[in-house]
Amino acid sequence: GEDVEQSLFLSVREGDSSVINCTYTDSSSTYLYWYKQEPGAGLQLLTYIFSNMDMKQDQRLTVLLNKKDKHLSLRIADTQTGDSAIYFCAENYGGSQGNLIFGKGTKLSVKP
Amino acid sequence: DAGITQSPRHKVTETGTPVTLRCHQTENHRYMYWYRQDPGHGLRLIHYSYGVKDTDKGEVSDGYSVSRSKTEDFLLTLESATSSQTSVYFCAISESAGGTNEQFFGPGTRLTVL
């Protein structure tokens, strides 16, 4: 069945770049997403990429999509302590109801 | 922020009791979703709704039922709560299923079943 995998933890120093990786299984997904969850809060959509794109840049965020390997990454440039959160990769697995499958989340810790 | 509220925000209950969680939206979005979030499992879809009185099961629907009698409210009911249903429950809404299908999330309800 459909699955989304991501590493559980990442620790970086403030000012460095962070790269969070994700693999997915459904090649028919039309959109792939990155959500951010801060402690005690719900998820917020950070960015998304359409499946016919290879890259999308939005300020400090860069999303790279390798369709052949079904690999998605999120790069955060100049990582700040406020970026500490859990980041979820998600894919829409088709069908008419737009349901998403989420990865387990990567906890990003930013050390000063 | 999208207008989504969840109530209650925290609840402690005992095994075997019924529990209803409420999700209320002011965005008039057609689609509504209930997820549970557990350590090591991420978010898993319980049930979703694609319109008033139109609902369907998600990945982990056993032990849960839902109702949507009006656009703005989506209720999640645990008929007889079990300790395995201790979790954080999130409601989400979406305007459409196609296109970017951006889902907006509520603040969550932390449920503890003793």
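What follows is calculated from the coordinates using simple rules that are stated; it is not laboratory data. Predicted model, so just to flag it, every value in this text is computed and none were measured. Cβ atoms come from the backbone with ideal geometry, glycine included; neighbour counts cover every protein chain shown.
Counting only other chains, what is the mean number of Cβ atoms within 10 angstrom of the Cβ of each residue in peptide B:39-52?
Going residue by residue through B:39-52 and averaging, the value is 3.
Note down the relative contact order for chain B as a percent, whole number, built from C-alpha pairs under 8 angstrom at least six residues apart.
35
Express the relative contact order of region A:26-112 as a whole percentage, based on alpha carbon pairs under 8 Å and six or more residues apart in sequence.
29
Where does the charge balance sit around B:TYR35 when Lys and Arg score +1, Asp and Glu -1, over other residues with C-beta under 12 Å from its C-beta?
That sum, taken over residues with Cβ under 12 Å, equals 0.
Sort B:THR82, B:THR13 so the one with the fewest other Cβ atoms within 10 Å of its own Cβ comes first.
Sorted ascending by nearby Cβ count, the order is B:THR82, B:THR13.
Mind checking which lysines have their C-alpha under 18 Å from A:LYS107, skipping anything on the same chain fewer than 8 residues away?
Answer for A:LYS107, where 18 Å is the Cα cut-off: A:LYS36, listed by chain and number.
Over all residues in A:43-50, what is the mean tally of Cβ atoms on other chains that come within 10 Å of each residue's Cβ?
Counting other chains' Cβ atoms within 10 Å and averaging over A:43-50 gives 3.
Tell me which lysines have Cα within less than 21 Å of A:LYS68's Cα, excluding those fewer than 8 residues away on the same chain?
Within the straight-line limit of under 21 Å, A:LYS68 reaches these lysines: A:LYS56.
Which whole number of Å³ per residue matches the convex hull of the alpha-carbon atoms in region A:1-107?
100
Once the mean 1/r over all distinct Cα pairs of the protein assembly as shown is inverted, what Kirkwood radius in angstroms do you read off?
Value: 18.0 Å, from the Cα pair sum.
What residue among B:THR17, B:THR86, B:THR100 has the largest mean-square fluctuation in a Gaussian network model of chain B, using Cα springs under 10 Å?
B:THR100
Go through region A:27-40 residue by residue and turn each phi into a ³J(HN,Hα) via Karplus (6.51, -1.76, 1.60, θ = phi - 60°); whole Hz please, and just put x for glycine and proline.
Rounded to whole hertz, the list is 5, 8, 4, 8, 10, 10, 10, 10, 10, 10, 10, 8, x, x.
Cut-off is 10 Å between beta-carbons; in what order do B:SER61, B:SER94 appear when sorted fewest neighbours first?
B:SER61, B:SER94
Could you check which residue among A:LEU32, A:LEU64, A:LEU45 shows the biggest mean-square fluctuation in a GNM of chain A with a 10 Å Cα cutoff?
In the Gaussian network model the winner is A:LEU45.
Quick one: order B:SER80, A:SER29 by neighbouring beta-carbon count within 10 Å, fewest to most.
Ascending number of Cβ neighbours within 10 Å: B:SER80, A:SER29.
For peptide B:101-108, what's the mean number of Cβ atoms from other chains within 10 Å of each residue's Cβ?
6
May I ask you to derive the relative contact order of region B:13-66, considering only C-alpha pairs under 8 Å and at least 6 residues apart, and to give it as an integer percent?
Once normalised by length, the contact order is 24 percent.
Using unit Cβ charges (K, R positive; D, E negative) and no other charged atoms, how large, in debye to the nearest 20, is the dipole of chain B about its Cα centre?
Dipole magnitude for chain B comes out near 200 debye.
Rounded to the nearest 5, what % of DSSP beta bridges with both residues in chain A are antiparallel?
Expressed as a percentage, antiparallel bridges in chain A total about 90.
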